[in-house]
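Structure, as structure tokens:
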Amino acid sequence: MTTPAPRGPVPPSESTVPLRLLLVEDDDGDALLVEEMLLDTGLPHDLRRCKTLGEALGHIGPGRPPGSGGAPECVLLDLHLPDASGVDAVRSLRQTSPGTAVIVLTGLAESDAGAEAVAAGAQDYLVKGKVEAELLRRALRYAIHRKQAERANAELRENRILAAENARLEHSLLPTPLLEAPSVGVLSRYVPGRERALLSGDFLDVVQTGDGLIHAVIGDVSGHGPDQAALGVCLRITWRALTLAGTDGIALLDLLERMLVAERTGGDLFATCTLLTVDPAARRATLYLAGHHEPLLLTGEGAGRRTREVPGQHGLALGIVPGLRRWFPTTFDLPPEGTLLLYTDGLIEGHRDASGERLGAEGLIELIEASRAADPDARLDELLATVRSMDAGRHTDDIAILQLSWPFGAHGAMTPTGVVGSRRVTGPGGA
């Protein structure tokens, strides 16, 4: 039954949208009294009536949000029904629709039962024969508001739990570099592409082994979402464990691919990655490109800065043709001072102007050489801010950047820089 018009005035602060109400009452006389009382409240409402608890549960239906698709915002529940009595009826309603408010209707001598029903999860109870229009109006409004507050608090708790879980997963994607001595400056940035996202499938890491070699990885799992993020974490942790155990090169890539195939949730998932090993004593580095683009080598400072791609032989991305093992090493000399910049393709696939032209590696090099920031940390922030400003939110891929900087000492070893840090940057629209 829908009220065509309220009998009394509706307070200006109350919504004119009809309240969706369900009356569960088997006695026709009591049901008529409740219907009349609702009309006297002046509240616009849409009232449905069921005579049994089973009929009411079928009308509500599991998983239907209160107030949507005919689902009630509040149930007026008699405690004595043909198929249920007492607080068991309240518990059944809460189990079927935990987001729906419940007001219990009791007899004159059942105040204890009403209190028990509230303890079992009802928002309020009313004694038949002692209900006036104003009391019913207030009970309905307060019950619905309290239930809404409960839902909001429950969602807040769930969001806090989810944020804590995401923070732990994010830490696995953006770890602290494991260096025995800070002989190389390590900086990174991590930007999930999706709006308000905390996680992405991009991953990076840096470790130093007992022989003094410095190892770095950066990679990108195809697609976006929690499955890709979880796979990125798996690959990064596997890389770190195998590298510290002494595995490198093609054998390391082969094991990473086997792990990807075993852990991926779909047969079409693959990952690109770059492996880099720096030998400070020999001033040389070895590079493996598994479907990934070349890193950049920066030398000089200010107006004398020069940036170029490190040419490397490309191999297959992990998971494209499992077992083929088509990866190739590229070895190159390192200058006495310089920076290697490794990044995922989200950094260069954004737009550079309104024409829709992509930035590309050449555009990225131009931005780096145009920067006059002397501090490596500030330069990285400036670069990322410029790229995102130029794109203006049109491209939503994830971005990961890993920067290794060094000056070599007189005897070939790297001299400590003292700069080691990683930072996550907020998603689209953030700074």
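Within the stretch 231-251, the set of residues being surrounded by fewer than 23 Cβ atoms within 10 Å (Cβ to Cβ) and aromatic (Phe, Trp, Tyr) is empty.
Kindly check whether there is at least one residue in the stretch 293-304 that is of a type outside the set (D, E, K, R), in a loop (DSSP other than H, G, I, E, B) and on the phi < 0 side of the Ramachandran plot. So far as the stretch 293-304 goes, yes, one or more of its residues are of a type outside the set (D, E, K, R), in a loop (DSSP other than H, G, I, E, B) and on the phi < 0 side of the Ramachandran plot.
State yes or no: is residue 92 open to solvent by less than 80 Å² (accessible area, probe 1.4 Å), at pLDDT below 90 and among the hydroxyl-bearing types (Ser, Thr, Tyr)? Judged against the criteria, residue 92 is not a match.
Anything in the stretch 218-235 that is assigned to a loop (DSSP other than H, G, I, E, B) and either free of Cβ contacts under 8 Å to residues at least 40 places away in the same chain or at positive phi (or both)? List them, or say none. Scanning the stretch 218-235 gives 223, 225. Entry remark, the stretch 331-365: residues being among the polar types (S, T, N, Q) and closer than 20 Å to residue 204 by Cα number 2 in total. In the stretch 119-132 there is at least one residue matching the filter, namely being among the aliphatic types (A, V, I, L, M), at pLDDT 85 or above, over 21 Å from residue 39 (Cβ atoms) and not in a loop (DSSP other than H, G, I, E, B). Remark: pairs (first residue in the stretch 136-155, open to solvent by 50 Å² or more (accessible area, probe 1.4 Å); second residue not small (Gly, Ala, Ser) and not in a helix (DSSP H, G or I); Cβ separation under 8 Å; 6+ apart in sequence or on different chains) = 142/123; 142/124; 146/123.
All of (1) of a type in the set (A, V, I, L, M); (2) open to solvent by less than 10 Å² (accessible area, probe 1.4 Å); (3) modelled with pLDDT of 90 or more hold for residue 60 with one exception: (3).
Per the conditions (1) assigned to a loop (DSSP other than H, G, I, E, B); (2) over 15 Å from residue 217 (Cα atoms), the sole criterion not satisfied by residue 307 is (1). Scan the stretch 392-409 for residues that are open to solvent by 10 Å² or more (accessible area, probe 1.4 Å) and either among the acidic types (Asp, Glu) or over 28 Å from residue 282 (Cβ atoms) (or both) and jot them down. 392, 393, 394, 395, 396, 397, 399, listed by residue number. Taking the conditions (1) at pLDDT 90 or above; (2) assigned to a loop (DSSP other than H, G, I, E, B); (3) open to solvent by less than 40 Å² (accessible area, probe 1.4 Å) in turn, residue 26 satisfies each one other than (3).
Residue by residue, here is whether (1) touching a His at 6+ places or on another chain (Cβ under 7 Å); (2) buried (at least 17 other Cβ atoms within 10 Å of the Cβ); (3) modelled with pLDDT under 95 holds:
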site: 224; (1), (2), (3): no, yes, yes
site: 253; (1), (2), (3): no, yes, no
site: 259; (1), (2), (3): no, yes, no
site: 268; (1), (2), (3): no, no, yes
site: 301; (1), (2), (3): no, no, yes
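From the list 377, 353, exactly one residue is open to solvent by 20 Å² or more (accessible area, probe 1.4 Å) and in a helix (DSSP H, G or I). Which is it?
Values: 353 fails: in a helix (DSSP H, G or I).
From the options 377, 353, the qualifying one is 377.
Of all positions in the stretch 124-136, none carries a residue that is out of contact with any strand residue (DSSP E or B) (no Cβ under 7 Å at 6 or more places or on another chain), under 29 Å from residue 44 (Cα atoms) and of a type in the set (Ser, Thr, Tyr).
Given the structure, is residue 68 closer than 15 Å to residue 101 by Cα, modelled with pLDDT under 90 and among the hydroxyl-bearing types (Ser, Thr, Tyr)? I'd like the intermediate steps shown before the answer.
Numbers: closer than 15 Å to residue 101 by Cα: yes; modelled with pLDDT under 90: yes; among the hydroxyl-bearing types (Ser, Thr, Tyr): yes.
In short, yes.
The values are calculated or read from the model by the stated rules, or taken from the named source; none is laboratory data. All figures in this text were calculated on a predicted structure; none of them were measured in a lab. Neighbour counts are summed over all protein chains in view; Cβ atoms, including those assigned to glycine, are modelled from backbone coordinates with ideal geometry. For accessibility, only protein heavy atoms count, side chains too; no ligands or nucleic acids. Shrake-Rupley method; radii C 1.70, N 1.55, O 1.52, S 1.80 Å.
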